[in-house]
1. With 218, 257 as the choices, which residue is surrounded by fewer than 15 Cβ atoms within 10 Å (Cβ to Cβ), closer than 30 Å to residue 21 by Cβ and out of contact with any strand residue (DSSP E or B) (no Cβ under 6 Å at 6 or more places or on another chain)?
2. Pull up region 121-144, narrow it to residues that are touching a residue at least 60 places away in the same chain (Cβ under 8 Å) and within 19 Å of residue 160 (Cβ to Cβ), then point me to the one that is nearest to the chain's Cα centre (by Cα).
3. Here is a check on your reading of the model: is residue 66 farther than 27 Å from residue 160 by Cβ and surrounded by fewer than 16 Cβ atoms within 10 Å (Cβ to Cβ)?
4. Can you confirm whether residue 79 is modelled with pLDDT under 95 and either closer than 30 Å to residue 201 by Cα or surrounded by 19 or more Cβ atoms within 10 Å (Cβ to Cβ) (or both)?
5. Test residue 160 against the stated conditions and say whether it is assigned to a loop (DSSP other than H, G, I, E, B) and under 25 Å from residue 79 (Cα atoms).
6. When you check residue 176 against the structure, is it assigned by TED's automatic domain parsing to the domain that holds residue 114, touching a helix residue (DSSP H, G or I) at 6+ places or on another chain (Cβ under 7 Å) and not in a helix (DSSP H, G or I), yes or no?
7. Only one of 226, 201, 230, 193 is modelled with pLDDT of 95 or more, in contact with a strand residue (DSSP E or B) (Cβ under 7 Å, 6 or more places away or on another chain) and surrounded by 12 or more Cβ atoms within 10 Å (Cβ to Cβ). Can you tell me which?
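The values are calculated or read from the model by the stated rules, or taken from the named source; none is laboratory data. A quick note: this is a predicted structure, and the numbers were derived from the prediction, not measured. Ideal geometry is used to build each Cβ from the backbone, glycine not excepted, and the neighbour counts take in all protein chains shown.
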């Protein structure tokens, strides 16, 4: 039985983790199906935005401890971090996290790795690894850039749980909302992304990735050249013409209906 469901409507692919029995823990099957769903969505030219969400009580409970404790593989072999956590920033398509359940340990890595994420305010988060004798190692790569040093030290070392409101305050996710406002919050984000040019979104993600790695001089040199190139593209010409003619650009898509989400319990 599949533990990941994928649906595409109106340019939006929704990937839903639905292994409630194991609280969407990162086991072999769930990771393999999730990666396959992401690969398919990224290869589909009709998909403009990818949403990651969950059914049931948990968004993701971290590693599947039953598999980990019985595994004879080398450490880390159950998950390729670049196939999973590392793929989101490197994808030309925006990923949105709709976090509708508890999110701990490895699940924190998924939440932090999203381009934009919204959570329910009372679900629980936590870097709980230290309480089972390990540490938040792989996920630190995507979590640490979002956290103040003080918050990272406190949450990594204490292993305590905190709610979605606190997760938003420390920068792990973008926003925390009451359960009945989650879909409205996601809709607002998706509507904005579907109004943006696909190539421009891909370039914006490239800028977000590359500029922080450059010196100031190199960053200005590269971005000035990039900006000049962008203004010469067909998408830029269409965007400027549409703005001046007070009409939607040709790439703008309407918001899909709500049927692609199921209510989490």
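1. Going through 218, 257 in turn, just one is surrounded by fewer than 15 Cβ atoms within 10 Å (Cβ to Cβ), closer than 30 Å to residue 21 by Cβ and out of contact with any strand residue (DSSP E or B) (no Cβ under 6 Å at 6 or more places or on another chain): 257.
2. From region 121-144, those touching a residue at least 60 places away in the same chain (Cβ under 8 Å) are 123, 128-129, 132, 138, 141; that's our starting set.
Still in the running and within 19 Å of residue 160 (Cβ to Cβ): 123, 128-129, 132.
Working: 123: 17, 128: 20, 129: 21, 132: 26 Å.
Here the answer is 123.
3. Judged against the criteria, residue 66 is not a match.
4. Spelling it out, residue 79 is indeed modelled with pLDDT under 95 and either closer than 30 Å to residue 201 by Cα or surrounded by 19 or more Cβ atoms within 10 Å (Cβ to Cβ) (or both).
5. yes
6. yes
7. Numbers: 226 fails: in contact with a strand residue (DSSP E or B) (Cβ under 7 Å, 6 or more places away or on another chain); 201 fails: in contact with a strand residue (DSSP E or B) (Cβ under 7 Å, 6 or more places away or on another chain); 230 fails: in contact with a strand residue (DSSP E or B) (Cβ under 7 Å, 6 or more places away or on another chain).
Criteria check complete, one pass: 193.
For every residue, the table says whether it meets (1) at pLDDT 95 or above; (2) closer than 28 Å to residue 183 by Cα; (3) touching a strand residue (DSSP E or B) at 6+ places or on another chain (Cβ under 7 Å); (4) in a helix (DSSP H, G or I).
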position: 66; (1), (2), (3), (4): no, no, no, yes
position: 74; (1), (2), (3), (4): no, no, no, no
position: 85; (1), (2), (3), (4): no, yes, no, no
position: 119; (1), (2), (3), (4): yes, yes, yes, no
